[in-house]
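The structure under discussion appears below in the form of structure tokens.
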Amino acid sequence: MHGRVKIKSTAQQEEEKRKEKEKKLKAFVSARDAVLKKRSAGEHDEEALQLTRQLLSSNPDFATLWNYRREVLLHLETLREKDEVQKLYESELHFIEACLKVNPKSYGCWHHRTWVNTRLPQPDWTRELGLCDRCLSLDERNFHCWDYRRVVVKASGVSVEQELQFTDRLIGSNFSNYSSWHYRSTLLPQLHPQPAPDSAPITSPSPTTSPQFHSHRVCEEQLLKEYELSHNAFFTDPNDQSAWFYYRWLLGRAEREEMISCVYVSREGERVSVAFSKPVHAQSEGLMLVLDGQPQQVEWRSTHPRLRHSPVWLCDLPPGSISDMSNEHNLTIHWTEKHTHRDCALYTGCAESWCRDSATNLELFRSELSVEKSSVLQAELQSCNQLLELEPQNKWCLLTIILLMRALDPLGHEKETLAHFQTLKEVDPMRSTYYSDLCSKFLIENTILKMEYAEVRVFSLSNKNLTTLCHLDQLLFVTHINLSSNQLLRLPPHFAMLQCLEVLEADDNAIENLEGLYHLPKLEEVSLRNNQICKLSDLESLASCTKLTRLDLRGNPVHRTAHIESELSQLLPRVTALSL
Amino acid sequence: MFLLYFKTWRIPVLKICCVHFGYCVFKCVYFSVRHDIACHVTVCSFKMAAEDLPSQFDVVILGTGLTESVIAAACSRVGQSVLHLDRRNYYAGNWASFTFNGLLSWIEEYKNQQKVQITESEQVWRSLIDEGEDVVPLSSVDSSISNLEVFCYASEEEEKEEETKAPLTSCQPVNAETVSEETTGDSTEAQDTVTEPSQSQEEKDSQPISSPADPPVEVEKKITYQKLVKEGRRFNIDLVSKLMYSRGALVDLLIKSNVSRYAEFKNIGHILTCRNGKVEQVPCSRADVFASKQLTVVEKRMLMKFLTFCLDFEQHPEEYQDYTEKPFREFLKNKKLTENLQDFVLHSIAMVTQQTLTEEGLKATQHFLRCLGRYGNTPFLFPLYGLGEIPQCFCRMCAVFGGIYCLRHSVQCLVVDKASNKVKAVIDTRGQKISCSHFVVEDSYIRDEQRQSTAYRQISRAVLITDRSVLPSESDQQISLVTIPPLESSAPAVRMVELCSSSMTCMPGTYLVHLTCSSSGTAQEDLAPVVSELFHVSTIPGEEPSEGAEERSKPAVLWVMYFNMRDTSALDSSSYSLPSNVHVCTGPDGSLGSDCSIKLAESVFHHILPDEEFCPPAPNPEDIIYDGDGPQAEGPGFDESVNTEAEEEGAAHEKNPSTEPAEMDSVADTTPSSEE
């Protein structure tokens, strides 16, 4: 039509673009070849800088070129005066900045920048800090920049207060930012540390184990402010997990100190079992056993070969050393590395003896949440319940409530906890197995607490919909365990920690793996009716339990195996009462 | 500062660029570009005095307001020959932005017009009318502005500062002894005397003011009326006060048509409201809600929940269907929002009235929310140098594609073909008959005889120059939108836009405040109560607000102007008795956005050219084919200048791939030619 601007057709444009591209590619490839040739010839001159500069400014992710540049710079550095070196590296910083504009998330660029700053005679940290701020204001989740910023902050000695304000600012503009929240969690303990411990009640009863208070704690006044901040975040957007994670960190209790939680000795096997507060590798931990004042050379082993780190370790005493019932023995386990030890006395006439901390005493299971004052927790629980009223389907809220309830009163809140778990599984079916496992853990903890109060060695976990077993190190003395009518799939290697176990009932589960029934010296009777044991090989580990005489395998697929009876009697010759 | 433009016209790439120190640089570039247009126009109209315009156009457009300018650009873009006229000596009609001195002249012009009854120059064009033709005369007076009042509170004393500063140049306002609203006619001279050397002087002078490093200096300095006049060029005072919804029709059009490259934008920093005489922040984005200190956590949840629902409320009809016939306010109550939150949503987010029905309220809320986050934490943009830039940008686009511009040039009457009842030509103010197939005209050019009704709605406006922001915050360079709920439910809500000096609409150390509401009385009656509630208005003009007094917590008004503007936005083609190829564009409406004007422009364009695309993206300069004829036919200047454009753009890209904003304005302008 008349008067119209004629423009090129799409095909024409495409063609031109393609040609342009080809030209660029050719130029790039030839420059690359030239550079690599220079490098292999060991040439370290200005020209090399120039060439790599061209290539890197179009593709800053070419790591080899950065390396070459470093080689050249190191070489040039030796040839120049100090102020010239400063200039050299400053121009390098400018160059990197240009590259960062091409790709602000280039590993090569940021790494090179860190390196240049270490070479720079007088680094200008203020400028670097400014650069980071600029980058982060464009994209607050650029973790390369976060990393680099930490380096800069460390080198330039920015005050912790300023850094905290920096996180305030970033969180204020967008609180869905793990980096900022996490950074906060490292700054707060430095700025507002918890005052020195004055509380005795929750410390260990053993006078020898001095309570090692964890340093990552924040004073209560500041904590309350931080709670408010996270309330603001999760009331604003309860589906944003970053604030919830931060909140959990705030509520989190001090890590348990490392100590020997229990020593058990039995005359019968002349065996000592030692339980630790967390899994350790005893062979490398400098563990020493002193029997009646005499250090003993013993071989430590974990309860199952698959557990390299284990909370329970075993050793055999020299034969005959404690077998005489009429003798009294004193046993001490020294953990030299942690400067801690635990005594255990084996009195006359006793077949076994132990020394341990009570689970109730130690508040072992108050989950990961706990604050010194339960009133604070109570208030937090109220806030969360308030949010739950508004958002009955919110999984983060439900989960946090469960954790708070556990921290406050695990047994008292058991019913509500179970109901919340039920809701959780409905609103978040993708993670229902996770919730089941977590629920199992809490139920086991509750049962252990109840058992502690009752001081019995019979332990029943039947009919609780358990999907997993845990805290088995706490069951070192249990003689009878009932796991019937749950949804267990296996008896895990940890099960071998039940060193005193005599009778195991695990009917009506879906167990297909018996790995954990391994070297249980006192196990006499196992009932595994209506489970999923399919192969004879699944039962092999039972052969290591030398006292096993009664085995009930009714209702398992394994009975369909040909010659099962004869095979079994061959595998387990001591079993006299076998039901198939 | 934000710039939106496309790198290429096929793939829309939105670039956002932060520039902190570039204002001065830009300003120069910018002014030169503005003068570019202004110059060629002057050249054009001077030339016209001697030569005639071409006697044939596809479309003649009268009035350079936003709607007309968009239509002009759209028509020109698809190859129509366009003649674009305005009787005033400035662009944009009632959409214009003025320097302080320019505004004083405008006020003067208004006052003269009130006094002088213009006698219609009689019938010189009678001889041009053939048989079978009829004449529709147009109005030569603009009566869209009324009730204009000006008050000055700035001290009129001579400036006593400058102790250590370099002595003032000789351009000390000539009318220093006679400044008051009655004598503002002098200000035109003042404007003229502010010449380049003094500009640089001002630059130096003003630096301490704008520098945040020494606020005490700022406190010390009193802004006198002389100062306002002297620095008058730093003001760009809009007649209509609007913001751009970042997903509104105007922004979409600017991006789509590539016109955005002619302007720069700043995003609005604060959305505020005034409750119980206190100015506070409206939590509207997620970050605001999180940071808000006024809301309880439960309120935060309720508000977020409600806003999230509004984002896709159509998906949940069950939530609101019982309320479709009821006011939005009731729906908000039902949603268990506290009184507080209801106010926020109704007045500041949806910006609707008590009577607005639920669905409309939900739509307004949704629109607001969808605009959030595109260019920052608030939904609005403001064009630097004032809203008057936008119509000019479209005019420029029109000129680039060959449209011809004449200011101070109007149309006396339309020549209508009796048989078809269509306009076939217009007779301009110089008595030339120019034939056209379509005639687009702004409402204020229409005589009352052509109207079905002469009852209009009115907008009440106030323009204030103040000495500080209504909400002191850590950064003083923020544009704020303040919604002021009505005291009685029948009264209209007042909308206030406070512009900072970095929006290039006022001098450093001052704020330019626009108040707008739909009129119930005169502008002063409607708005003076709000002004005195939010600002310190001294009783004696020129009196300095006393230090330390409680009143000092409010910003002081230095200068204020009230006026009413006719709001014709409710009119449509049925409101006029005019030939079918005359398209009337209504003036600015009272709403915050410009969607109404853009939609009207689009519908007029489709009336004129039903089969053409409305403002397709301008092609990339390098994609234009120059092959002897074709574009050259439109004007010899065309390909030459486009070539320059191509070169400059290419150079810009090589120099710095990351958008140096200054380059955006270096696009060479086309001088539309009238030679052929």
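Points to keep in mind about this one:
- Some residue of segment A:295-303 being in contact (Cβ under 8 Å) with a residue 40 or more places away in the chain, of a type outside the set (A, V, I, L, M) and surrounded by fewer than 21 Cβ atoms within 10 Å (Cβ to Cβ): no
- Among the residues of segment B:266-323, those that are small (Gly, Ala, Ser) and either at positive phi or touching a helix residue (DSSP H, G or I) at 6+ places or on another chain (Cβ under 8 Å) (or both) comprise B:Gly277, B:Ala287, B:Ala291, B:Ser292.
- Those residues of segment A:227-249 which are modelled with pLDDT under 90 and over 15 Å from A:Ser383 (Cα atoms), in sequence order: A:Trp249
So that you can scan it fast, the table gives a plain yes or no per residue for (1) in contact with a Phe, Trp or Tyr (Cβ under 8 Å, 6 or more places away or on another chain); (2) within 25 Å of A:Gln499 (Cα to Cα); (3) of a type in the set (S, T, N, Q):
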site: A:Asn531; (1), (2), (3): no, yes, yes
site: A:Lys535; (1), (2), (3): no, no, no
site: A:Leu539; (1), (2), (3): no, yes, no
site: A:Ser544; (1), (2), (3): yes, yes, yes
site: A:Arg550; (1), (2), (3): no, yes, no
site: A:Arg560; (1), (2), (3): no, no, no
site: A:Glu565; (1), (2), (3): no, no, no
site: A:Leu571; (1), (2), (3): no, yes, no
site: A:Arg574; (1), (2), (3): no, yes, no
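- Residues in segment A:138-174 that are aliphatic (A, V, I, L, M), more than 14 Å from every other protein chain (Cβ to nearest Cβ) and either surrounded by 16 or more Cβ atoms within 10 Å (Cβ to Cβ) or closer than 20 Å to A:His192 by Cβ (or both): A:Val151, A:Val152, A:Val153, A:Val158, A:Val160, A:Leu164.
- Options B:Arg275, B:Arg247; residue that is closer than 30 Å to B:Asp343 by Cβ, at pLDDT below 90 and not β-branched (Val, Ile, Thr): B:Arg275
- Condition met for A:His94 (touching a residue at least 24 places away in the same chain (Cβ under 8 Å) and not aromatic (Phe, Trp, Tyr)): no
- Elements of type helices (runs of 4 or more DSSP H) contained in segment A:380-495, each with 2 or more residues being within 14 Å of chain B (Cβ to nearest Cβ): A:395-408
- Boolean, B:Leu387 is within 27 Å of A:Asn239 (Cβ to Cβ) and aliphatic (A, V, I, L, M): no
Rundown of residues vs (1) at pLDDT below 50; (2) in contact with a helix residue (DSSP H, G or I) (Cβ under 6 Å, 6 or more places away or on another chain); (3) more than 30 Å from B:Val240 (Cα to Cα), yes/no style:
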site: B:Tyr576; (1), (2), (3): no, yes, no
site: B:Asp589; (1), (2), (3): no, yes, no
site: B:Asp595; (1), (2), (3): no, yes, no
site: B:Glu602; (1), (2), (3): no, no, no
site: B:Ile608; (1), (2), (3): no, no, no
site: B:Ile625; (1), (2), (3): no, no, yes
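- Residue that is in contact with an Asp or Glu (Cβ under 8 Å, 6 or more places away or on another chain), closer than 23 Å to B:Leu243 by Cβ and either among the hydroxyl-bearing types (Ser, Thr, Tyr) or at pLDDT below 90 (or both), where the choices are B:Thr510, B:Thr454: B:Thr510
- Hey, B:Asp467 buried (at least 19 other Cβ atoms within 10 Å of the Cβ) and modelled with pLDDT under 95 or not: yes
- Residues located in segment A:405-430, provided they are farther than 28 Å from A:Val478 by Cα and without any contact (Cβ under 8 Å) to a residue 24 or more places away in the chain: A:Glu416, A:Ala419, A:His420, A:Phe421, A:Gln422, A:Lys425, A:Glu426, A:Pro429, A:Met430
- Segment A:227-251, subset of a type in the set (D, E, K, R) and within 24 Å of the chain's Cα centre (by Cα), residue farthest from the other protein chains (Cβ to nearest Cβ): A:Arg248
The values are calculated or read from the model by the stated rules, or taken from the named source; none is laboratory data. None of the values given here were measured: they were computed from a predicted structure. Reconstructed Cβ throughout: ideal geometry from the backbone, glycine too, with neighbour counts over all protein chains shown.
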